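Student: Please read through the structure below; I'll follow up with questions.
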Amino acid sequence: MSRKKAPAKRKKATSRRGRKKAGGGFAQKLLVGFSGALLVLCAASITSGFFFRHTGVGGEEHPLRIEVLNGTGISGLAHTAKRELLRLGVDVIDAGNADHFGYEESVLIARKEGTDVEEVGRRLGCKHVIEQLRDGTLEDATLILGADYADLRLDWTTESSLKE
């Protein structure tokens, strides 16, 4: 008895025209590069609001919590500063009046250890950054606005509505 061999399976022939180009063209590379840059910008935009951070004793991070006090007597000044600090990503937990209205210069006071208060002071252009630590306080820092408040790097465009 003779056995016949089964015919071997043939591979399908593919032409070069049927294959897709693996490398992609210039437009595709440009689009991928643009998408990557856009992704980086979006990530930077999302995180830019969190450049002021506080690391607690347990290692948890949260936005820096600041109390803003008006030491000038100009109505609404603390709330204008609050709005601008919120825009910058600072968590303003209170805005109100200072103990008196005779502050000649603005002061940024650190209330807790492990805060970026010096960095905040540098970015805001506040010349006086001091440390007065308090236990059991919610705020990480207190910003007292003095007569030099306009020198701080905040948008005071609503200043015209801040009349004494």
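Student: Give the residues of segment 119-151 that are touching a Leu at 6+ places or on another chain (Cβ under 8 Å), crowded, with 16+ Cβ neighbours inside 10 Å and either of a type in the set (Gly, Ala, Ser) or on the phi > 0 side of the Ramachandran plot (or both), sorted by residue number.
Tutor: Gly121, Ala141
Student: For Leu86, indicate whether it is assigned to a helix (DSSP H, G or I) and either under 15 Å from Glu67 (Cα atoms) or within 20 Å of the chain's Cα centre (by Cα) (or both).
Tutor: Against the criterion (assigned to a helix (DSSP H, G or I) and either under 15 Å from Glu67 (Cα atoms) or within 20 Å of the chain's Cα centre (by Cα) (or both)), Leu86 qualifies.
Student: Scan segment 134-151 for residues that are of a type in the set (A, V, I, L, M, F, W, C), farther than 15 Å from Leu86 by Cβ and modelled with pLDDT of 90 or more and jot them down. Steps first, please.
Tutor: The initial filter retains those residues of segment 134-151 that are of a type in the set (A, V, I, L, M, F, W, C), namely 138, 141, 143-145, 147, 150.
Of the ones still in play, those that are also farther than 15 Å from Leu86 by Cβ are 138, 144-145, 147, 150.
Ile144, Leu145, Ala147, Ala150, listed by residue number.
Student: Please go through segment 124-154 and pick out each residue that is in contact (Cβ under 8 Å) with a residue 40 or more places away in the chain and either assigned to a helix (DSSP H, G or I) or among the aliphatic types (A, V, I, L, M) (or both).
Tutor: Leu138, Ala141, Leu143, Ile144, Leu145, Ala147, Tyr149, Asp151, Leu152, Leu154
Student: Could you count how many residues in segment 99-118 are in contact with a strand residue (DSSP E or B) (Cβ under 9 Å, 6 or more places away or on another chain) and surrounded by fewer than 20 Cβ atoms within 10 Å (Cβ to Cβ)?
Tutor: 7
The values are calculated or read from the model by the stated rules, or taken from the named source; none is laboratory data. Just so it is clear, the structure is predicted and the values come from calculations on it, not from any experiment. Every residue, glycine as well, gets a Cβ built from its backbone with ideal geometry; the counts of neighbours run over all protein chains shown.
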